[in-house]
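To keep things clear, I will list the structure first and then write my remarks on it.
The values are calculated or read from the model by the stated rules, or taken from the named source; none is laboratory data. None of these values were measured; they are calculated from a predicted model. Cβ placement follows ideal geometry from the backbone for every residue including glycine, while neighbour counts extend to all protein chains displayed. Keep in mind that these areas ignore ligands, DNA and RNA; they rest on the heavy atoms of the full protein, side chains included. Shrake-Rupley method; radii C 1.70, N 1.55, O 1.52, S 1.80 Å.
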Amino acid sequence: MKRRTFLAGTAGALALAHGSGVRASSAADKLRLAVIGVANRGGANLAGVASENIVALCDVDQRNLEKAQKQFSGAELFQDYRVMLDQFENLDGVVVSTPDHHHAPASMRALQRGLPVYCEKPLTHTVAEARALTVMANKAGVPTQMGTQIHAGENYRRVVEKIRAGVIGEVQRVHVWVGKGWGATSVPKPNGTAPENLDWDCWLGPAEDRPYTPNYHPANWRRYRDFGAGTLGDMGCHYMDLPFWALGLKYPKRIVAEGPNPDAECCPLGLSARYEFEATDSHGDLTLTWYDGDLSPKEKLEGMPIGRSGVLFVGDKGKMVATYGDHSVELTSKGSEPKPVEKIAASIGHHNEWLEAIRSGDAARPLCRFDYSGPLTETVLLGTVAHQVGHAIQWDGATASIVDDAEAQTLLSKTYRTGWELMATADA
């Protein structure tokens, strides 16, 4: 069955036809998986699902495919994931580990087929894509997971438990910082022709067509807006994940960013973004401030010693600094005893959460499923929008729109090259 025919049905019908919830095989059977992007982060994710039956490998770089095929000799090889998803009709899941500008188009095509998806962070390249994937994942009703692997770590669990227990009281401010800087001041120039091993047209995918340009592939694309979102896009979902989880955050109300003058093509070498969250049943009014690159704080923050990257929670009874691997608490007042909080069970592994959800048909099992990681990604990327527009923006999470600001609203989405659109239709 070809794509145009297959996609004519509704997402719900596709989920019944292909979703893991009706999987007939036993838990001991290996899942049939397709992996898009097989080197670098893709290689790590491929290793994370290597226990399963890898039936298809896709990468724009033939050298990456040939290397991966040495381990997965039975897998069919593709350089275009659209062709791959057209050809395979009995997959159990798809892993997406591409540059950011491909995340949503690849994941959406899989979800529209009712297939479970594991997608690297950030979930999408634009705010509008994050909302679209969140909605589609809910309609499809299949297991999803965003690749924020540190979420499965024990340290994050202990931090979340202590924040929820009120060890430092009611959290009023959060600071998140990352010392590295994925930015640039100029774009690379086209030079020569693409090497034979690289399908340049597929690498561009939904981005505007341009002659072959070295230095984008395999990693520097993060520095440029057509393909990535700088340091905030790269690391925001990892570090902001902790306060989102601990405090039950969802949508900020107001965002303002500071940094160098915005550039239409290059991401900043340093950025600071302040997010304001209104009180909910999960938390009081609070602010979350992000810093990266040359705007990242050094040595101390609000009197607390800090390292190169981390999260600082400031409560009315104390402070807590957390990194990936450890955390420390400084109490400023004793107050009442912390309330008991149910201990968060150890993870079976970030990839395994998704794999076992496919086997059981339990779409709610993965902790970073798209209904959690979608709003997290929206928030992260709204910081880049605020920087680009150059003034504070008011976010209406209910309608996924910026209030009374037509210019900023245009920065929530983008234009796709023909054939790579986000929402495939029956006529695609």
Residues with beta-carbon under 13 Å from that of Leu232, excluding Leu232: net charge, scoring Lys, Arg +1 and Asp, Glu -1? +1
Determine the shape class of segment 291-428: with a ≥ b ≥ c the square roots of the Cα gyration tensor eigenvalues, call it rounded for a/c under 1.5, and otherwise prolate if a/b is greater than b/c, oblate otherwise. oblate
Cβ-Cβ cut-off under 15 Å around Lys253, Lys and Arg +1, Asp and Glu -1: the net charge is -4
List the GluC sites (Glu not before Pro) within segment 221-310 that fall in a DSSP loop (any state other than H, G, I, E or B) and whose Cβ has at most 15 other Cβ atoms within 10 Å. Glu265, Glu278, Glu299, Glu302
Just to confirm the filter: which trypsin sites (Lys or Arg not before Pro) across segment 340-399 are DSSP coil and have at most 10 other Cβ within 10 angstrom of their Cβ? Lys343
Which residues in segment 305-329 have a backbone N closer than 13 Å to a point placed 7 Å from the Cα of Arg158 along the Cα-to-Cβ line? 321-329
Using Cα atoms only, what is the angle between the long axis of helix 100-112 and the major principal axis of the chain, expressed in degrees (0 to 90) to the nearest 10? 70
Could you work out how far helix 370-389 tilts from the main Cα principal axis of the chain, as a 0 to 90 degree angle to the nearest 10? 70
Inter-site label distance for Ala219 and Ser360 at 7 Å from Cα along Cβ, in nm: 3.6
If the chain between Asp285 and Asp396 were fully extended at 0.36 nm per residue, the gain over the current Cα-Cα distance would be 38.3 nm
Share of accessible surface on carbon and sulfur in the chain, whole %, 1.4 Å probe and ligands ignored, is 49
Taking the Cα centre of the chain as origin, work out the dipole magnitude from +1 charges on Lys and Arg Cβ and -1 charges on Asp and Glu Cβ, in debye rounded to 20. 680
Hey, what angle do you get for helix 154-165 against the long axis of the chain, alpha-carbon based, 0 to 90 degrees rounded to 10? 50
Quick one: which of Lys121/Lys189; Lys250/Lys319; Lys253/Lys334; Lys180/Lys300; Lys67/Lys180 span more than 20 angstrom between C-alpha atoms? Lys121/Lys189; Lys250/Lys319; Lys253/Lys334; Lys67/Lys180
